Amino acid sequence: MNRASFIVIFLFFMITFAANATADSNIYGLYSNMDAKNGELSGMEMLFLNDGRTGKCDKSVLFQVAEGWPQYPELLDCCTCSMKRIEFTSKKWGKFVGHIEGEYLVGEFPDSKYSVKLKKGLSFWQK
């Protein structure tokens with residue numbers, strides 16, 4: 001293999017790696033459908049963040065639900081947490097499985113068959 005071929009192959013792998021790293025980093029941020037109607041708060045919010053750990057399990061989700069009033073949020077490990085597959089387990093709601101579609105987090109809590117579609121943006125508390 002000559003030097004030019006090596007450089008082309010090296011650049012191809014670096015671009016591929018950078019694209020994958022950028023795609024997975026787009027998961028970070030807040031997704032919400034929380035709203036107040038007639039004085040009652042309902043919906044949920046999920047904030048995905050890098051928790052500073054090294055290795056495969058380096059993401060966490062801050063998960064909050066409102067059912068008439070805000071519930072205490074849970075900070076949960078999100079070891080399977082990429083644009084294509086998001087999995088975590090809430091103590092109250094059970095397992096969540098979802099993915100990112102554009103600016104939405106789409107998923108389900110399979111045990112209860114409760115589906116969610118949360119838009120990426122500001123928290124209810126920031127509006």
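A few points about this structure:
- Looking only at the stretch 93-104, and only at residues there that are among the hydrophobic types (A, V, I, L, M, F, W, C) and assigned to a strand (DSSP E or B), the one that is nearest to Gly39 (Cα to Cα): Phe96
- Failed item in (1) among the polar types (S, T, N, Q); (2) in contact with a Lys or Arg (Cβ under 7 Å, 6 or more places away or on another chain); (3) at pLDDT 95 or above, with Ser42 passing the rest: (2)
- Scanning the stretch 49-88 for residues that are closer than 16 Å to Asn26 by Cβ, outside any loop (DSSP other than H, G, I, E, B) and of a type in the set (D, E, K, R) yields a count of 1.
Yes/no per residue for (1) touching a helix residue (DSSP H, G or I) at 6+ places or on another chain (Cβ under 8 Å); (2) surrounded by fewer than 14 Cβ atoms within 10 Å (Cβ to Cβ); (3) under 14 Å from Ser32 (Cβ atoms); (4) not polar (S, T, N, Q):
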residue	(1), (2), (3), (4)
Gln64	no, no, yes, no
Trp69	no, yes, no, yes
Ser82	yes, no, no, no
Ile86	no, no, no, yes
Lys91	no, yes, no, yes
Val106	no, no, yes, yes
Phe109	no, no, no, yes
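The values are calculated or read from the model by the stated rules, or taken from the named source; none is laboratory data. All of these numbers come straight from a predicted model, not from anything done at the bench. We place every Cβ from the backbone using ideal geometry, glycine too, and count neighbours over all the protein chains shown.
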